[in-house]
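Worksheet: one structure, shown below.
The values are calculated or read from the model by the stated rules, or taken from the named source; none is laboratory data. Computed from a predicted structure; not experimentally measured. Please note: Cβ atoms are built from the backbone with ideal geometry, for glycine as well, and neighbour counts cover all protein chains shown. Just so you know, the surface numbers come from the protein's heavy atoms only, side chains and all, with ligands and any DNA or RNA stripped out. Shrake-Rupley method; radii C 1.70, N 1.55, O 1.52, S 1.80 Å.
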Amino acid sequence: MNLHEFQAKAILARHGIPVPAGQVAWTPDEVTRVAADLGGSRFAVKAQILAGGRGEVGGVKLADSVDQAREIAAEMLGSRLITAQTPSAGHNVRRVYVEQAVACAREIYVGLLVDRNEGCVVLLGAGQGGAEVEKLLRRDPKSLVRLALPGTQQPGDADLRQFAEALGLTGSLVEEAAGLLAVLARAFVELDASLIEVNPLCLTEEGRLVALDVKMVVDDNALFRQPDIQSLRDEDEVDALELEAQRHDLNFVRMDGNIGVVVNGAGLALATHDILRDLGGAPANFMDIRTTAVSLQIAKGIGLLLADPAVKVILVNVHGGGMTRCDTIVEAIHIAMRWSGRKIPIVFRAAGQNAEYARRLIVDRRIAHEVALSMSGAARRAVELAKD
Amino acid sequence: MAILVDRDTRLIVQGMTGRAGTFYTDQAMEYGTRVVAGIRPGKGGSRHFSLPVFDHVGEAMRETGANASLVFVPALAAGAAIIEAVEAEVPLVICVTERVPTLDMVNVRRALEGSATKLVGPNSQGVLSPGKCKVGVMSTADVRPGSIGVVSRSASLTSEIVAQTSAAGLGQSTTVGIGADPVHGIGFVDCLRLFMDDDETEGVILIGEIGGNEEEAAAEYLGREKPPKPVVALVAGRHAPPERRMGHAGAFTFLGRGDAAAKIEALRAAGARIAENADLVAATMHRALPEKAA
């Protein structure tokens, strides 16, 4: 689960990480009030969307007065930001975060994430951070400082001090940075985070360290034991269809095409998409029916596709096995079609457990469909039907 | 022969008395797997399927001489269950549980350091040696004993490829699901090594997907050691949009790493035959195998 910048900063501030004074605002009037409350003469106005890359598309701007902050916010609020990490339609900016601007003498990069190969948490850093950090690191990978943490335990003080020195910090700043990094490491474990990125960690002109921007992702698998985090979920920022599907034990990602795709298993779904795209097709969604899903839940997922007018054909590719049998999917299609009443071409490809029975059942249930035996055959037919 | 599990496997099932545990233990026994005990804290001393149930793995190991454990424990306790099995020195632990918190797996990996245990999973469909032993939740509808080793990050694609290799008359020596989670037990390289040392295996199919760099590690191994048996690779997710979670927590191309094109190029350069799409895997293997005297 991705957190908004203002949420991540509030959490880190509670753990004792210094962040600039700031508040959320939903309207230009609120921005005026918030900026006046914060005081000072320079403000940062930042769009709160759940995607990175907003700085490059005007989602972060500086204001030299309360009035200017209001003007910037008025333009930002209600606009759509399209970045490399958003869907192609972009994200609607519903609120902004207004902060006292901080003048940085230096920008540092600090991140914590799970290194999947080593199976441990690593602390990463670069003496030169900021928006260009990825480019800088690509050019000079050696400038990346790395410290593996011992399991979910705290790193040693000496290691952290050495890490801080490798970032080019000196004097009392080494101690200050080591303390800050220890807090970040503790927060990472306590929050079940999978990513905490402070970029930049700002060394102010007064010689203090402040977390200027924070990106935080919490492990979805651990949300059951992080109720405080779960309550922060911003359902307005999650695609309504995806949210609905999640409630029914389906992994679902909405896409821009016109071929609805019903597949059990993430790997098979990825492979089906590859074949579809190779043939010039455009999937409307990614769907992975989890093994625990029952026919009613799967029917809800198919119902989402039937309700989408952009979807012109549904491609079903199931491989029966374990607990999901092919006939369960047919029952689900049957239920969904009855609920919706919409007639739409269906290309049905079933393999594995109960595949033959499922092909008989789909006829018995009087569901208009075309049978395909191979994945490529099914995909080719779906692409043709989507063109009609 | 086969790898990891065979007729000598003596299996305990952690979490055997639950719904999924009961369902799949039944299926495994029906397939011929020798299940010797179940574990369920609090139910020690009782019986399930006429098998003894123990409170702790250590006890079961002493009493039954088990050499493998299948973990069906729910996500919130799965990490602890694996660590218990590691501490009891079970040689092979296979965990099928989905959605285990990643930091619990970080602790598991620490427990595994220097231990004698091999871990498969979590979020794995398990390990199957056709005709010999089934430890997991995979379908056995289309399996056929044979000469192809299959190692995969995806259960559903494995079923698909297994059906293809059976239809092509090749069959499987063993299929292994290494699991779809970012932090897991043995990986592609471990399995490739095992298959290369297995007499029965004549070729290996590797089924990868976007995210992580397990495929790159496999490519490095293949390039360095140039093993004699053909390896066919399929990498799913060539057209997945970047930085979006696609079902599997691990399948998530992050910081520009883990995209399918880079994996495919690395594997191709290392001498693996690339299956251009999921329909072509068995055919690609067929072409890669040395011709047999008729």
* Structure fact -> With the dipole of chain A defined by +1 on each Lys or Arg Cβ and -1 on each Asp or Glu Cβ, the option from A:LEU212, A:THR152, A:LEU12 whose Cα lies farthest towards the positive pole is A:THR152
* Structure fact -> Rounded to one decimal in nm, the spacing of the 7 Å Cα→Cβ label points at B:ARG7 and B:ALA261 is 5.1
* Per-bin percent of Cα-Cα distances, the stretch A:302-388 [10 Å] -> 18, 52, 29, 1
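Please compute the length gained on full extension between A:ALA36 and A:ALA103, using 0.36 nm multiplied by the number of residues separating them and subtracting their Cα-Cα distance.
Details: separation 67, 0.36 × 67 = 24.12 nm, distance 1.91 nm.
Value of the extension gain: 22.2 nm.
So which of B:LYS43/B:LYS134; A:LYS9/A:LYS46; A:LYS312/A:LYS387 end up more than 19 Å apart by C-alpha? Mind dumping the intermediate values first?
Working: B:LYS43/B:LYS134 25 Å; A:LYS9/A:LYS46 13 Å; A:LYS312/A:LYS387 9 Å.
Too far apart for the 19 Å limit: B:LYS43/B:LYS134.
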* Using only the Cα atoms of chain B, construct the convex hull and provide its projected area averaged over every direction, in square nanometres to one decimal. => 14.8
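Can you give the helix-only mean residue ellipticity at 222 nm for the protein assembly as shown, where every DSSP H stretch with n ≥ 4 adds -39500 (n - 2.57) and the sum goes over all residues, rounded to the nearest 500 deg cm²/dmol?
On the way: 22 runs with 240 residues, N = 682.
Computed mean residue ellipticity for the protein assembly as shown: -10500 deg cm²/dmol.
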* Label-point separation, A:ALA21 to A:VAL371 (7 Å along Cα→Cβ), nm -> 7.3
* To do: Starting from 0 in steps of 10 Å, tell me what percent of the Cα-Cα pairs of the stretch B:106-209 lands in each bin.
  => 16, 49, 28, 7, 0
* **A:ASP159 accessible area, 1.4 Å probe, all protein chains in place, Å² to nearest 10** => 70
* Asked: Using +1 on the beta carbon of Lys and Arg, -1 on that of Asp and Glu, and nothing else charged, what's the dipole of the stretch B:89-216 about the Cα centre, debye to 20?
  -> 340
* To do: Over the residues of the stretch B:10-120, compute the C-alpha Rg and express it relative to 2.2 N^0.38 Å.
  => 0.98
* At 1.4 Å probe size, with no ligands or nucleic acids counted, give the accessible surface of A:TRP339 in Å², nearest ten. => 140
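Could you tell me which of rounded, prolate or oblate describes the stretch A:239-387, using a ≥ b ≥ c as the square roots of the eigenvalues of the alpha-carbon gyration tensor, with rounded for a/c under 1.5 and, failing that, prolate when a/b is larger than b/c and oblate otherwise? Walk me through the numbers before you get to the answer.
Numbers: a/c = 1.20, a/b = 1.05, b/c = 1.14.
Here the stretch A:239-387 falls in the rounded category.
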* Eligible aspartates and glutamates near A:LYS61 by straight Cα distance, threshold 12 Å, same-chain separation 8 or greater -> A:GLU71, A:GLU75, A:GLU99
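For A:ALA307 and A:ASP278, calculate 0.36 nm times their separation in residues minus their Cα-Cα distance, and state this gained length in nm to one decimal.
Details: separation 29, 0.36 × 29 = 10.44 nm, distance 2.64 nm.
This chain segment gains 7.8 nm when fully extended.
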* Considering the convex hull of the alpha carbon atoms of chain A, report its projected area averaged over all viewing directions, in nm², one decimal. => 21.7
* Asked: To the nearest 10 Å², what's A:MET337's accessible area with a 1.4 Å probe?
  -> 40
* Could you please state how large a percent of the accessible area of chain A is carbon and sulfur, counting protein chains only and using a 1.4 Å probe? => 49
* Using alpha carbon centroids, what distance separates the stretch A:1-27 and the stretch A:326-368, in Å? -> 48
* **Unpaired by the 4.7 Å Cβ criterion, cysteines found in chain A** => A:CYS120, A:CYS326
* Cα point-scatterer Debye curve for the protein assembly as shown, base-10 log of I(q)/I(0) at q = 0.06, 0.10 Å⁻¹ -> -0.37, -1.00
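Relative to the present Cα-Cα distance, how much length would full extension add between A:GLU165 and A:ASP256 at 0.36 nm per residue of separation?
Numbers: separation 91, 0.36 × 91 = 32.76 nm, distance 4.77 nm.
Taking 0.36 nm per residue and subtracting the Cα distance, the gain is 28.0 nm.
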* **chain A: DSSP helices with Cα axial extent of at least 27 Å and average Kyte-Doolittle hydropathy no lower than -1.0** => A:172-190
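Ordering B:SER50, B:SER147 by accessible area with a probe of 1.4 Å, largest first, what comes out? Write out the running numbers ahead of the final one.
Numbers: B:SER50 90, B:SER147 15 Å².
Largest to smallest exposure gives the sequence B:SER50, B:SER147.
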* Structure fact -> Quick shape summary for the stretch A:21-101, equivalent ellipsoid via Cα gyration tensor, semi-axes whole Å in descending order, reads 22, 11, 10
* Going from most exposed to least, what order do B:SER152, B:SER46 have by accessible area with a 1.4 Å probe? -> B:SER46, B:SER152
* Over the stretch B:141-293, what number does the Rg to Rh ratio reach, with both radii from the alpha-carbon atoms and Rh per Kirkwood? -> 0.95
